[in-house]
Amino acid sequence: AEDGYDLWLRYRPVEAARSTDIAARTTGIVTSGDSPTLAIAVAELQRGVEGMTGRQIAPLSALRPGALVLATPRTGTAMPIDTGRLGDEGYAIRSTQMSGAPVTLIAANSDRGLLYGVYHWLRLAQGGAALDRIDLRSAPRIGLRLLNHWDNLDGTVERGYAGMSIWDWWRLPDYKGPRYADYARANASLGINGTVLNNVNAKAESLTPAYIAKAAALAHVFRPYGIRVYLSVRWTAPMELDGLKTADPLDPQVAAWWKAKADEIYRAIPDFGGFLVKANSEGQPGPQDYKRTHADGANMLAAAVKPHGGIVMWRAFVYQHDNPEDRAKQAYSDFKPLDGQFADNVMVQVKNGAIDFQPREPFHPLFGAMPRTPLMMEFQITKEYLGQSTHLTYLGPLFEEVLKADTFAKGRGSTVAKVIDGSLDGHRLTGIAGVANIGVDRDWSGSIFNQADWYAFGRMAWNPDLPAEAVAREWAALAFSPDPRIVDPVVAMMMGSREAAVDYMTPLGLSHVMATGHHYGPGPWVSDLARPEWNPVYYHKADASGIGFDRTASGSDAVAQYAPQVAKMLANPKTAPERDLLWFHHLPWSYRLKSGESLWDGMVHRYDRGVAYVEDMQRTWDSLRPLIDPERFAQTQAFLRIQRREAQWWRDASIAYFQSVNRLPLPAGSAKPA
Ligand code: GCU
């Protein structure tokens, strides 16, 4: 059934001509060696080719025309490919001649590289590419490409919209269900090479012997797929689990506890990746509770995992209830002064923006501001603020926009991508994390189109320069069919969908106007929550005279956290990108936009435009009915109906609220509320 379980690894039968073409390139598989990873690569090829062509392909002991050859320098095969610069995980694929026979050679320096090469070849075959003249090389630009699961030990998922956690803690470690290997396949097919199993709002119990054994069982399944396991840790675990009197990072007993704990974990999981830490943020304990810095805390943990080759990922998502500073400034204020103080196996993990995964945020000012510290990107794949499981809002353009943003840290061209791939400041330890959108739903991600966000994260983690549109094309071809009658309209829907959500939720740089707690639906009027920075009114600051958060020198001066060229550009509403206008400026309702219309009229037009875009997507999707299987067609159609209704709800509620503040009429031509 087309219930989405197979993700982008569907391997459905292809039409006759392509089947013949694939068959001619897969007369057999030549490998040498017998590692579990290689066995997975061969099995995946067999599964893929059989699915697409109906033919079974066998391992060959000698070359034959049309063979697929998997080789590393170790295997002794004389290769017409230089694997020199491919690194540990890269690969090359070439249509070539070996011993006089035309073959497809997949070459790498490791079996992991071969596995990634196999998935690339299968992507080409499924996507309808010509298979007779392949010549490509690919190596990841970022070293650690991780999913962060916000999965709780009770089976729920924080900000998860695809059902409960896929980790069946209750029956682990004894029972390892088949879904774990399918999860690993899907991730390996994208080059994702690590996974943090548990929520950053961690429970101490995740470090008990029982849970270490469960994590070890998962690590065992994932290992041959090139995926390492990591854990989120709770700062006060030594107190909660073993009665220590303090969690002060400079207390020798605390350091000894963590060292012993790390040793225990590595005995069970020799290739354990390391720890992810949320400390002194949203009520979580941390080193600041003992008047120590984030660096003190991170370095103490880093010392515990260092002998084993582990790392610490210390999150910069911090803001304190008793700190009156603009929330958008607090992470920079805390972390920038610590640049240069972190141990060499610590990475600071920074969300893409300074508030919290909004439909649009300007890039986080820490990018480019901590040259001596490897910064890791944290994207949210699960769409907490972008319509969760029902709204079609493809995140590729959001990822691309952030990665391409220019920090000017070392002059023009100092993009965020170059900060996190290490090239700007010469870091060898590099990483990117995506907060997973995975749960037990049959389709894994809560909707067919949400699968594209997982896909895009993985592909862009491997190569942060991949355009979101190219990734959408790949995904649509794999998820549905390479038929341009499907791919073109589906990609067109996807590419404008995030901007549409920005339009109907948070136009012109507004942020955090979602309803309280669940963050689904509008709540710009909310003003009575205990902490000021939880209230939408804190962010939009709308009153009778105007709207927006003044982050220039006359306000919080958050602009000063950016490089001087960027700060100057942002400080002037005429030169700041209009899409970020109200993020940085408080402006009168009558302020003239570039279009010539007033700020208020422009806002209303954007709300209208967002709703209209969803209607367009509905029309496009309806026209695809004859080409899409009934299950997935029906799911998407139903979800688009929900999205249409809720885009209207967003528009009507937002406009009604802001009108209650500014008393302005709707511009001519704007629809009345539904
Ligand atoms: C957001 C989200 C929380 C999460 C937090 C974090 O605030 O709503 O659920 O715990 O981010 O990233 O730590």
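Quick one: which of Ala452, Ala461, Ala433, Ala456 is at pLDDT 95 or above and either of a type in the set (Val, Ile, Thr) or within 16 Å of the ligand (Cβ to nearest atom) (or both)?
On the way: Ala452 fails: either of a type in the set (Val, Ile, Thr) or within 16 Å of the ligand (Cβ to nearest atom) (or both); Ala461 fails: either of a type in the set (Val, Ile, Thr) or within 16 Å of the ligand (Cβ to nearest atom) (or both); Ala456 fails: either of a type in the set (Val, Ile, Thr) or within 16 Å of the ligand (Cβ to nearest atom) (or both).
Exactly one residue qualifies, and that residue is Ala433.
Can you list the helices (runs of 4 or more DSSP H) lying wholly within the range 542-625 that have 1 or more residues being without any contact (Cβ under 8 Å) to a residue 12 or more places away in the chain and farther than 16 Å from Val502 by Cα? Step through it out loud before you land on a result.
Values: elements: 564-571, 581-584, 599-623.
In the range 542-625, 564-571, 599-623 are the helices (runs of 4 or more DSSP H) which contain 1 or more residues that are without any contact (Cβ under 8 Å) to a residue 12 or more places away in the chain and farther than 16 Å from Val502 by Cα.
What number of residues within the range 355-374 satisfy the criterion of being out of contact with any strand residue (DSSP E or B) (no Cβ under 7 Å at 6 or more places or on another chain), over 22 Å from His427 (Cβ atoms) and not charged (D, E, K, R)?
4
Looking for whichever is in contact (Cβ under 8 Å) with a residue 24 or more places away in the chain and touching a Lys or Arg at 6+ places or on another chain (Cβ under 9 Å) here; the options are Val435, Val402. Which one fits?
On the way: Val402 fails: touching a Lys or Arg at 6+ places or on another chain (Cβ under 9 Å).
That would be Val435, the only listed residue that is in contact (Cβ under 8 Å) with a residue 24 or more places away in the chain and touching a Lys or Arg at 6+ places or on another chain (Cβ under 9 Å).
Quick check on my filter: what residues within the range 242-287 are outside any strand (DSSP E or B), in contact with a helix residue (DSSP H, G or I) (Cβ under 8 Å, 6 or more places away or on another chain) and within 16 Å of the ligand (Cβ to nearest atom)?
Scanning the range 242-287 gives Ala279, Asn280, Gly286.
Give the residue, chosen from Thr430, Thr506, Thr407, Thr415, that is of a type in the set (Ser, Thr, Tyr) and without any contact (Cβ under 8 Å) to a residue 40 or more places away in the chain.
Details: Thr430 fails: without any contact (Cβ under 8 Å) to a residue 40 or more places away in the chain; Thr506 fails: without any contact (Cβ under 8 Å) to a residue 40 or more places away in the chain; Thr407 fails: without any contact (Cβ under 8 Å) to a residue 40 or more places away in the chain.
Matching residue, one of Thr430, Thr506, Thr407, Thr415: Thr415.
Return yes or no: is Leu146 within 16 Å of the ligand (Cβ to nearest atom), of a type outside the set (D, E, K, R), surrounded by 14 or more Cβ atoms within 10 Å (Cβ to Cβ) and part of a strand (DSSP E or B)?
On the way: within 16 Å of the ligand (Cβ to nearest atom): yes; of a type outside the set (D, E, K, R): yes; surrounded by 14 or more Cβ atoms within 10 Å (Cβ to Cβ): yes; part of a strand (DSSP E or B): yes.
The answer is yes for Leu146.
Looking at (1) away from the ligand (no atom under 16 Å from the Cβ); (2) in contact with an Asp or Glu (Cβ under 6 Å, 6 or more places away or on another chain), which is the only condition Pro224 fails?
Going through (1) away from the ligand (no atom under 16 Å from the Cβ); (2) in contact with an Asp or Glu (Cβ under 6 Å, 6 or more places away or on another chain) one by one, Pro224 breaks only (2).
Of all residues being within 16 Å of the ligand (Cβ to nearest atom) and not in a helix (DSSP H, G or I) in the range 198-221, which is surrounded by the most Cβ atoms within 10 Å (Cβ to Cβ)? Just the residue, please. Steps first, answer last, please.
Filtering the range 198-221 for residues within 16 Å of the ligand (Cβ to nearest atom) gives 198-203, 206.
Next cut, not in a helix (DSSP H, G or I) only: 198-203.
Numbers: Asn198: 27, Asn199: 25, Val200: 25, Asn201: 15, Ala202: 24, Lys203: 18.
Among residues in the range 198-221 that are within 16 Å of the ligand (Cβ to nearest atom) and not in a helix (DSSP H, G or I), the one surrounded by the most Cβ atoms within 10 Å (Cβ to Cβ) is Asn198.
Take Ser590 and decide whether it is of a type in the set (S, T, N, Q), at pLDDT 95 or above and surrounded by fewer than 17 Cβ atoms within 10 Å (Cβ to Cβ).
Details: of a type in the set (S, T, N, Q): yes; at pLDDT 95 or above: yes; surrounded by fewer than 17 Cβ atoms within 10 Å (Cβ to Cβ): yes.
So Ser590 passes the test.
Restricting the range 365-399 to residues that are closer than 18 Å to Ser281 by Cβ, in contact (Cβ under 8 Å) with a residue 40 or more places away in the chain and not in a strand (DSSP E or B), which is farthest from the ligand (Cβ to nearest atom)?
Pro365
Does Ala671 fit the bill of being within 27 Å of the chain's Cα centre (by Cα) and surrounded by fewer than 19 Cβ atoms within 10 Å (Cβ to Cβ)?
When the stated conditions are applied, Ala671 does not pass them.
Assuming Tyr332 fulfils every condition listed in (1) part of a helix (DSSP H, G or I); (2) within 16 Å of the ligand (Cβ to nearest atom); (3) under 30 Å from Arg498 (Cα atoms) apart from one, which condition is it?
Of everything listed in (1) part of a helix (DSSP H, G or I); (2) within 16 Å of the ligand (Cβ to nearest atom); (3) under 30 Å from Arg498 (Cα atoms), Tyr332 misses just condition (2).
Return the residues of the range 222-241 that are over 22 Å from the mean Cα position of the chain (by Cα) and either touching a residue at least 60 places away in the same chain (Cβ under 8 Å) or part of a helix (DSSP H, G or I) (or both); say none if nothing qualifies. Break it down into steps so the answer makes sense when it comes.
So the first thing to find is which residues in the range 222-241 are over 22 Å from the mean Cα position of the chain (by Cα), and the list is 224, 234-241.
Of everything in the range 222-241, those that are over 22 Å from the mean Cα position of the chain (by Cα) and either touching a residue at least 60 places away in the same chain (Cβ under 8 Å) or part of a helix (DSSP H, G or I) (or both) turn out to be Pro224, Trp235, Ala237, Pro238, Met239, Glu240, Leu241.
With surrounded by fewer than 15 Cβ atoms within 10 Å (Cβ to Cβ), of a type outside the set (Ser, Thr, Tyr) and closer than 30 Å to Asp82 by Cβ as the only criterion, which of Asp135, Asp174, Asp154 stands out?
Numbers: Asp174 fails: closer than 30 Å to Asp82 by Cβ; Asp154 fails: closer than 30 Å to Asp82 by Cβ.
On inspection, the qualifying residue turns out to be Asp135.
Kindly evaluate Asp503 against the criterion of being more than 19 Å from Arg609 (Cβ to Cβ), more than 14 Å from the ligand (Cβ to nearest atom), acidic (Asp, Glu) and at pLDDT 95 or above. Full working, then the answer.
Details: more than 19 Å from Arg609 (Cβ to Cβ): no; more than 14 Å from the ligand (Cβ to nearest atom): yes; acidic (Asp, Glu): yes; at pLDDT 95 or above: yes.
No: the conditions fail for Asp503.
Got a sec? Which of Thr208, Thr195 is closer than 30 Å to Leu429 by Cβ and free of Cβ contacts under 8 Å to residues at least 40 places away in the same chain?
Details: Thr195 fails: free of Cβ contacts under 8 Å to residues at least 40 places away in the same chain.
Thr208 is the lone residue from the list that is closer than 30 Å to Leu429 by Cβ and free of Cβ contacts under 8 Å to residues at least 40 places away in the same chain.
Give the residue that is surrounded by the most Cβ atoms within 10 Å (Cβ to Cβ), with candidates limited to residues of the range 1-38 that are without any contact (Cβ under 8 Å) to a residue 24 or more places away in the chain and part of a helix (DSSP H, G or I). It would help to see each step written out before you state the result.
Going residue by residue through the range 1-38, those that are without any contact (Cβ under 8 Å) to a residue 24 or more places away in the chain are 6, 15-17, 20, 34.
The next check asks that each one be part of a helix (DSSP H, G or I); those that pass are 16-17, 20.
Details: Ala16: 9, Ala17: 8, Thr20: 11.
Selected residue: Thr20.
If you check Tyr91 against the conditions, is it outside the structural domain of Leu424 (by TED's automatic domain parsing), at pLDDT 95 or above and not aliphatic (A, V, I, L, M)?
Spelling it out, Tyr91 is indeed outside the structural domain of Leu424 (by TED's automatic domain parsing), at pLDDT 95 or above and not aliphatic (A, V, I, L, M).
The values are calculated or read from the model by the stated rules, or taken from the named source; none is laboratory data. All figures in this text were calculated on a predicted structure; none of them were measured in a lab. When we count neighbours, we look across all protein chains shown, and the Cβ atoms used for this are built from the backbone with ideal geometry, even at glycine.
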